[in-house]
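Participant: I have a structure here, written as structure tokens, and I will follow up with some questions on it.
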Amino acid sequence: MTSIVLHKISDSTGQTLDVVSRACLAQFSDVRVTEKRWTLVRDREQVNKVLDGIRALPGFVIFTVVDDELSEQLLLGCKQLKVPCIDLLNPVLSQMGNYLGLVRDSRPGSQHVMDGDYYSKIDALHYVLAHDEGQSLSDLHEADVVLVGVSRTAKTPTSIYLANCGFKTANVPFVPGMKLPQELLDAQRPLIIGVTKEPTRLVQVRLQRLTLQGHSEETEYTDLEAVTLEINEAREVCEAQEWPIIDVTEKSVEETADIIVHLYNARIDGTT
């Protein structure tokens, strides 16, 4: 396994770097990464401290710093240290500015301005946390999206990801032999989606979860035959309700969320 140090430098919170680095590293399965985060880097003295840190622990450098002088300082410093350094924002900003014929503002963290969109995402996140695993069913009709599926089909992380996109998302567990709540069946406003997973893979995920919790006994929860019946029952219920079903076996949370957003927008546009 290859080990690297990844320095992530930002004049704001570093969230953009987190998203980009996660997407890139997902393409390299045999890499162990030690991340060094440097946030709110907004003056030359702070850049010098960052360069001292890179000198002490050389590695791959990526940064989002909109101030041209500080960007140049970082690029030059990394060149002298002979470490790779990638400026993620300025090349795109420069080309976009040229295309628009406008001069950019160069405001650090401007992507995180607390506007209406920001508060909408916060509201959506609060909704997700209050409606995880079938909680607070009385106002389920206020959701934009409701995910329905058996245990360990990534309902919660997908809901949180959708909240970050501004979608109020609830998730309701499917329990074998139990009827789904009437509040869910009566809901008209939300886009209700079934999520499923290949039985063998689902058993593996459940076993890993139980091991982490210190449990080792075998139950129907991890019995392949029982899990297969559970998944089939859940699928039949979703099909009877004419809810779209997404198989998340080979999909990341981001990929699943992208499909859901597409379905949601198509529903709003009246194309489905």
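Participant: Which ones in the stretch 142-185 are of a type in the set (Lys, Arg) and within 17 Å of residue 249 (Cα to Cα)? Steps first, answer last, please.
Facilitator: Start the filter on the stretch 142-185 by keeping residues that are of a type in the set (Lys, Arg), which leaves 152, 155, 168, 179.
Scanning the stretch 142-185 gives 152, 155.
Participant: Answer yes or no as to whether residue 223 is of a type outside the set (A, V, I, L, M), surrounded by 11 or more Cβ atoms within 10 Å (Cβ to Cβ) and without any contact (Cβ under 8 Å) to a residue 24 or more places away in the chain.
Facilitator: On the way: of a type outside the set (A, V, I, L, M): yes; surrounded by 11 or more Cβ atoms within 10 Å (Cβ to Cβ): yes; without any contact (Cβ under 8 Å) to a residue 24 or more places away in the chain: yes.
Spelling it out, residue 223 is indeed of a type outside the set (A, V, I, L, M), surrounded by 11 or more Cβ atoms within 10 Å (Cβ to Cβ) and without any contact (Cβ under 8 Å) to a residue 24 or more places away in the chain.
Participant: Between a first residue in the stretch 74-87 that is within 15 Å of residue 10 (Cα to Cα) and a second residue that is of a type in the set (Gly, Ala, Ser) and modelled with pLDDT under 95, which pairs have beta carbons less than 8 Å apart while being 6 or more apart in sequence or on different chains?
Facilitator: 87/71
Participant: Output the residues belonging to the stretch 188-235 that are assigned to a strand (DSSP E or B) and either among the β-branched types (Val, Ile, Thr) or not assigned by TED's automatic domain parsing to the domain that holds residue 159 (or both).
Facilitator: Narrowing the stretch 188-235 to residues assigned to a strand (DSSP E or B): 191-196.
Of everything in the stretch 188-235, those that are assigned to a strand (DSSP E or B) and either among the β-branched types (Val, Ile, Thr) or not assigned by TED's automatic domain parsing to the domain that holds residue 159 (or both) turn out to be 192, 193, 195, 196.
Participant: Same structure, new question: Take residue 163 and decide whether it is touching a strand residue (DSSP E or B) at 6+ places or on another chain (Cβ under 7 Å) and at pLDDT below 95. Show your work before the answer.
Facilitator: On the way: touching a strand residue (DSSP E or B) at 6+ places or on another chain (Cβ under 7 Å): yes; at pLDDT below 95: yes.
So residue 163 fits the description; yes.
Participant: With a cut-off of at least 3 residues that are at pLDDT 90 or above and more than 22 Å from residue 94 (Cβ to Cβ), name the strands (runs of 3 or more DSSP E) lying wholly within the stretch 1-83.
Facilitator: Details: elements: 2-10, 31-38, 60-64.
Qualifying strands (runs of 3 or more DSSP E): 2-10, 31-38.
Participant: Then there's this: Please go through the stretch 191-214 and pick out each residue that is loosely packed, with under 13 Cβ neighbours inside 10 Å and under 22 Å from the mean Cα position of the chain (by Cα).
Facilitator: Matches in the stretch 191-214: 208 only.
Participant: Okay, moving on. Hey, can you tell me all the residues within the stretch 234-253 that are out of contact with any Asp or Glu (no Cβ under 8 Å at 6 or more places or on another chain) and surrounded by 14 or more Cβ atoms within 10 Å (Cβ to Cβ)?
Facilitator: The first filter runs over the stretch 234-253 and keeps only residues out of contact with any Asp or Glu (no Cβ under 8 Å at 6 or more places or on another chain), leaving 234-244, 246, 248, 250-253.
234, 235, 237, 238, 243, 244, 246, 248, 251, 252, 253, listed by residue number.
Participant: How many of the residues making up the stretch 225-258 are modelled with pLDDT under 95 and among the hydrophobic types (A, V, I, L, M, F, W, C)?
Facilitator: Qualifying residue count for the region: 2.
Participant: Output yes when any residue across the stretch 19-38 is in contact with a strand residue (DSSP E or B) (Cβ under 6 Å, 6 or more places away or on another chain), in contact (Cβ under 8 Å) with a residue 40 or more places away in the chain, surrounded by 15 or more Cβ atoms within 10 Å (Cβ to Cβ) and among the hydroxyl-bearing types (Ser, Thr, Tyr), and no when none is.
Facilitator: Within the stretch 19-38, none of the residues are in contact with a strand residue (DSSP E or B) (Cβ under 6 Å, 6 or more places away or on another chain), in contact (Cβ under 8 Å) with a residue 40 or more places away in the chain, surrounded by 15 or more Cβ atoms within 10 Å (Cβ to Cβ) and among the hydroxyl-bearing types (Ser, Thr, Tyr).
Participant: Further, regarding this structure: Between a residue in the stretch 175-187 that is assigned by TED's automatic domain parsing to the domain that holds residue 153 and any residue that is part of a helix (DSSP H, G or I), which pairs come within a Cβ distance under 6 Å, given they are 6 or more apart or on different chains?
Facilitator: Filtered contacts from the stretch 175-187: 176/230; 176/233; 181/137; 183/137; 183/140; 187/140; 187/141.
The values are calculated or read from the model by the stated rules, or taken from the named source; none is laboratory data. Please read these numbers as outputs of a predicted model, since none were measured by experiment. Cβ coordinates were reconstructed from backbone atoms using ideal geometry, including for glycine residues, and neighbour counts include every protein chain displayed.
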